[in-house]
Amino acid sequence: MQNLLIASQIKAVDAYTIQHEPIKSIDLMERAAEAFMQLFLARYTNPKTTIWVFCGQGNNGGDGLAIARLLYQKGYKHIKVFLSDYSQHASTDYLKNLARLEKAYPEIPIRRTLEEVQLSKDDIVVDAILGSGLNKPLTGDYEKLAWFINASKAKVVAVDVPTGFKSEGEIDPIYKGIRADLVITFQLPKINFFFPESGNALATFKVVPIGLAEDYMASLPSQWKLITATFIRKTIVPRKRFSHKGTYGHALVIAGNTQTMGAALLSAGACLHTGAGLVSACISAAGLIALNVSLPEVMYLSREELATTDLKKYQAIAIGPGLGVEESQQKLLKRLLQQNKPLVIDADALNICATQPSLQSQIPAQSILTPHVKEFDRLFGVHHNWWQRVQTAKQKAQELQVTVVLKNQYTFVCLPNGDVCINTTGNPAMAQGGMGDVLTGMIVSFLAQGYAAETAAILAVYLHGKTGDELAKTDGVVSASLLSANLPKTLKKISDMDA
Ligand SMILES: NC(=O)C1=CN([C@@H]2O[C@H](COP(=O)(O)OP(=O)(O)OC[C@H]3O[C@@H](n4cnc5c(N)ncnc54)[C@H](O)[C@@H]3O)[C@@H](O)[C@H]2O)[C@@H](O)CC1
């Protein structure tokens, strides 16, 4: 897992790197500008393009000036610089870079008023006005500048952060900053890049390393983590040579109703494909034939039998996909909650908890809740932005001692210790019904195989998205069934890699 840091921590890492590497701050800025430029050059290969570099007077602006010089040096001769020198104060490294640019290439035009700027849609704007130092909303000249750049339709590549975008904290509902097509950000992504509201400020982002002190970064306290491929590789336990179906646990999926049997089948199928030794599906009788035909490996348990069966034989139980919310399902859920055995609680089981809030306190510790945004707000109240929603998820995970898997483009896995683990696998080709049912089946499968609740949730969200990503390389749409069928391939690939 990789710690994500807030802007003030990054500043401290910056200072630490300068002191301990050691490296002069101006040289670190040069390294950042180089890293930006490498990625920029790989994307924008036409040196004849007009590139307007808009610079503020802080270190973000300093980066911009260094980038302008480096691009010019690389043969991009149509560089123009705009200085938004609206304040009295300029950073030392900004001033040094301004002097370097003027000395090295006095022919590069430098503009200071918008009347002198004509932007066309074929131009590229490098936005280096304000970066992670933003400390208040944009007003006055800065707001006008953002409006001017946005209205131009020129392609915008932002340095580190788009001007006006907060790196962390609640994102203002009306975004007044610069809209970037691409953000090339330094060392670590900003926490707010993972919230859907960031879509107003940036289309996409790329992270470039600038050699900040890794050990120091890892030592700083942060409850925001990125789920990394390395963590997954290290965590997945390969199947043992001398093992049998009993080694990998027995999972029970309680799901499906007459009209929604597909959800149960998807969930039970994904459970199987993720490697549980045995899978049982407790579905309504209407689905028996479908179950036998589509998933012959899965055993059937009737709703009636569930009442009398000893649940100890199941290492893990999931409840909810396509279950229905009628009285009989409510009773079933209540009875299950009383067993005090951790559960994976999804879909209709969450909806039942939402209509009967007293059930929340009965959710056994170590359970995993897997709401999408609507289920989450039904359960824990309406939220007006994602920052607030994730704060509630974090708080509920701690309060109830459960793992909350808040599903979204970037899924937030909130752990009982307060950590928020962000998953970056997955893609829009996966945006189809049934995906959540598959995820639930995967989580209960990992649980049955003996992984701790937090680990099971993290492995499942990563693997789910990763499988979708692999499929999206060749397929425009990735259905839940297709994804499920491909889970064993992804598992194999991950297990075969060296940790
Ligand atoms: N490790 C790092 O953090 C590195 C940072 N670098 C660059 O440094 C940037 C941060 O630099 P700074 O801390 O100088 O900050 P910025 O350059 O983002 O901002 C400069 C100043 O603008 C003022 N300001 C903030 N919000 C404003 C608003 N709404 N209206 C008007 N003025 C406002 C503040 O007083 C701030 O000091 C990063 O985004 C990055 O581009 C790089 O040079 C290399 C290393």
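What follows draws every value from the coordinates through simple rules; no lab data is involved. Being a predicted model, the structure only gives us computed values, none of them experimental. With ideal geometry, Cβ positions are generated from the backbone for all residues, glycine too; neighbour counts draw on all protein chains shown.
Report relative contact order for the stretch 229-496 in percent, whole number only (criteria: Cα-Cα under 8 Å, sequence separation at least 6).
22 percent
Can you pull the percent of Cα pairs in the stretch 14-220 with separation above 26 Å?
29 percent
Which of rounded, prolate, oblate describes the stretch 214-293, given a ≥ b ≥ c as roots of the alpha-carbon gyration tensor eigenvalues and a/c under 1.5 marking rounded, otherwise prolate only if a/b is larger than b/c?
Since a/c reaches 1.5 but b/c is at least a/b, the shape of the stretch 214-293 is classed as oblate.
Work out how much length Leu220 to Gln388 would gain on full extension: take 0.36 nm times their residue separation and subtract the Cα-Cα distance, in nm to one decimal.
58.1 nm
Over the stretch 229-496, what number does the Rg to Rh ratio reach, with both radii from the alpha-carbon atoms and Rh per Kirkwood? Walk me through the intermediate numbers first.
Details: Rg = 17.0 Å, Rh = 18.2 Å.
Reported Rg/Rh, Kirkwood definition of Rh: 0.94.
Could you tally the net charge around Gln362, taking each other residue with its Cβ under 13 Å from the Cβ of Gln362, Lys/Arg +1 and Asp/Glu -1?
+3
Show the residues, 5+ positions off or on another chain, whose built amide H is closer than 5 Å to the amide H of Ile210.
Excluding prolines and chain starts, which carry no amide H, the hits are Gln187.
Relative to the first principal axis of the alpha-carbon coordinates of the chain, what is the inclination of helix 25-43, with its axis defined by its Cα atoms, in degrees from 0 to 90 and to the nearest 10?
70 degrees
Filter the GluC sites (Glu not before Pro) in the stretch 289-389 to those in DSSP coil with at most 15 other Cβ atoms within 10 Å of their Cβ, and list the result.
Here the sparse-neighbourhood loop sites are Glu297, Glu326.
For the Cα atoms of the chain, what angle does the longest principal axis make with the long axis of helix 7-20, in degrees from 0 to 90, nearest 10?
60 degrees
Between the stretch 298-333 and the stretch 362-384, what's the alpha-carbon centroid distance in Å?
Answer, in whole Å: 20.
Considering only DSSP states other than H, G, I, E and B, which trypsin sites (Lys or Arg not before Pro) in the stretch 197-254 qualify as loop sites with at most 13 other Cβ atoms within 10 Å?
Sites meeting the loop and neighbour criteria: Arg239, Lys240, Arg241.
Could you work out, for the chain, what percent of all Cα-Cα pairs fall into each 20 Å distance bin, beginning at 0 Å and stopping at the bin that holds the largest distance?
Cα pair-distance distribution for the chain, in percent: 22, 45, 26, 7, 0.
Between the helical axis of 59-73 and the dominant principal axis of the chain, each derived from Cα atoms, what acute angle in degrees is found, rounded to the nearest 10?
The two axes meet at around 70 degrees.
Can you list the residues, at least 5 places off or on another chain, whose amide H is less than 5 Å from the amide H of Phe82, using H built in the peptide plane?
For Phe82, whose amide H was placed from the backbone, the distant partners under 5 Å are Val53, Phe54, Cys55, Arg111.
Mind listing the long-range amide H neighbours of Cys282? Cut-off is under 5 Å, sequence gap 5 or more, other chains count too, H placed in the peptide plane at 1.01 Å from N.
Close amide H contacts, sequence-distant or interchain: Val253, Ile254, Ala255, Leu301.
In whole Hz, what ³J(HN,Hα) sequence does the stretch 123-140 give by Karplus (6.51, -1.76, 1.60; θ = phi - 60°), x for Gly and Pro?
Result, ordered by residue: 7, 10, 9, 9, 8, 10, 8, 10, x, 6, x, 3, 10, 7, x, 5, 9, x Hz.
Tell me, how many Å apart are the Cα centres for the stretch 444-499 and for the stretch 30-59?
If you average the Cα positions of each part, the centres end up 37 Å apart.
Given a Förster distance of 56 angstrom, what is the FRET efficiency for Phe148 paired with Thr308, based on the Cβ-Cβ distance and rounded to 0.05?
Details: r = 72 Å, r/R0 = 1.28.
So, using R0 = 56 Å, E works out to roughly 0.20.
For the stretch 356-366, take each phi angle, set θ = phi - 60°, evaluate the Karplus expression 6.51 cos²θ - 1.76 cosθ + 1.60, and give the result in whole Hz per residue in order, putting x for glycine and proline.
10, x, 5, 5, 3, 6, 8, 5, x, 4, 6
Tell me which lysines have Cα within less than 30 Å of Lys331's Cα, excluding those fewer than 8 residues away on the same chain?
Straight-distance partners of Lys331: Lys312, Lys313, Lys341, Lys374, Lys394, Lys396, Lys407.
Give the residue list of GluC sites (Glu not before Pro) in the stretch 103-190 that are DSSP loop and have at most 10 other beta-carbon atoms within 10 angstrom.
Glu107
Could you state the principal axis extents of the C-alpha atoms in the stretch 315-463, from the largest down, to the nearest angstrom?
37, 37, 32
Convert each backbone phi in the stretch 242-257 into a coupling constant with the Karplus relation 6.51 cos²θ - 1.76 cosθ + 1.60 (shift: θ = phi - 60°), then list the ³J(HN,Hα) values in order as whole Hz, x for Gly and Pro.
Once rounded to whole Hz, the list reads 9, 8, 9, 4, x, 5, 9, x, 10, 9, 10, 10, 9, 7, x, 9.
Please give the Cα centre distance for the stretch 86-152 versus the stretch 1-19, rounded to the nearest Å.
26 Å
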